[in-house]
Amino acid sequence: SIESGGAELNLEQIDLGELLKEVHGLAVPIVAAAGLRFVLEPPAEPLFAWADRRRVTQVMLNLVSNAAKYNRTGSLVRLACEPSGRDIRVEVEDDGAGVASTEVSRLFTPFDRLGQQSRAKVDGTGLGLALSKRLVESMGGQIGYEAPAQGARFWFTLPTRPAMRGDQSKSGKQRA
């Protein structure tokens with residue numbers, strides 16, 4: 001649906017600090033079921049992004065769920081956001097084994113379930129990161145992966161103001 005332009009976005013100003021708290025509340029059971037601690041680091045001051053609230057929630061929940069599913073050796077999942085130039089950066093980090101450097105280039109490839117041969121089977125379709133990438137990019141942001149000293153850190157950015165493009169109507173609705 002997103003690839004064919006069928007997903008409509010409702011772009012509006014959203015408070016990412018409030019949304020982080022909401023997602024934290026929704027995902028506590030997922031992270032707790034994995035035996036992990038869920039750390040929320042809300043921003044020191046309100047941070048507003050221009051995005052689709054429902055889609056941002058979907059992306060955050062996907063990243064947190066992945067962190068909980070794949071963190072077999074660590075003890076925590078961290079959710080945070082901070083200003084990053086003209087954007088806001090959201091991070092989901094865990095302290096598990098991380099992603100093998102040979103697999104990083106395939107992270108956002110649809111249906112590519114990395115490491116399934118060597119680890120216990122984890123439920124999923126292999127579409128979560130690919131879908132998250134499409135959603136974030138359709139809202140004018142970027143998404144990526146970094147390898148901290150230990151674990152995995154997925155991040156995405158969202159703009160703080162509407163894009164100056166011709167594909168957005170006055171109502172804030174945009175086709176992805």
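The values are calculated or read from the model by the stated rules, or taken from the named source; none is laboratory data. Bear in mind the structure is a predicted one, so any value in this text is a computation, not a measurement. Note: ideal-geometry Cβ built from the backbone for every residue, glycine included; neighbour counts use all protein chains shown. Please note that ligands, DNA and RNA were not included when accessible areas were found on the heavy atoms of the full protein model with its side chains. Shrake-Rupley method; radii C 1.70, N 1.55, O 1.52, S 1.80 Å.
Annotations for the structure displayed:
- Entry remark, the stretch 14-26: residues being in contact with a Pro (Cβ under 9 Å, 6 or more places away or on another chain) and either open to solvent by 60 Å² or more (accessible area, probe 1.4 Å) or assigned to a helix (DSSP H, G or I) (or both) number 6 in total.
- Residue satisfying condition, being over 26 Å from PHE48 (Cα atoms), hydrophobic (A, V, I, L, M, F, W, C), at pLDDT 80 or above and surrounded by fewer than 13 Cβ atoms within 10 Å (Cβ to Cβ), within set ALA149, ALA97: ALA149
- Residue check for PRO29: out of contact with any Phe, Trp or Tyr (no Cβ under 9 Å at 6 or more places or on another chain), modelled with pLDDT under 95, under 30 Å from ARG72 (Cβ atoms) and open to solvent by 60 Å² or more (accessible area, probe 1.4 Å): no
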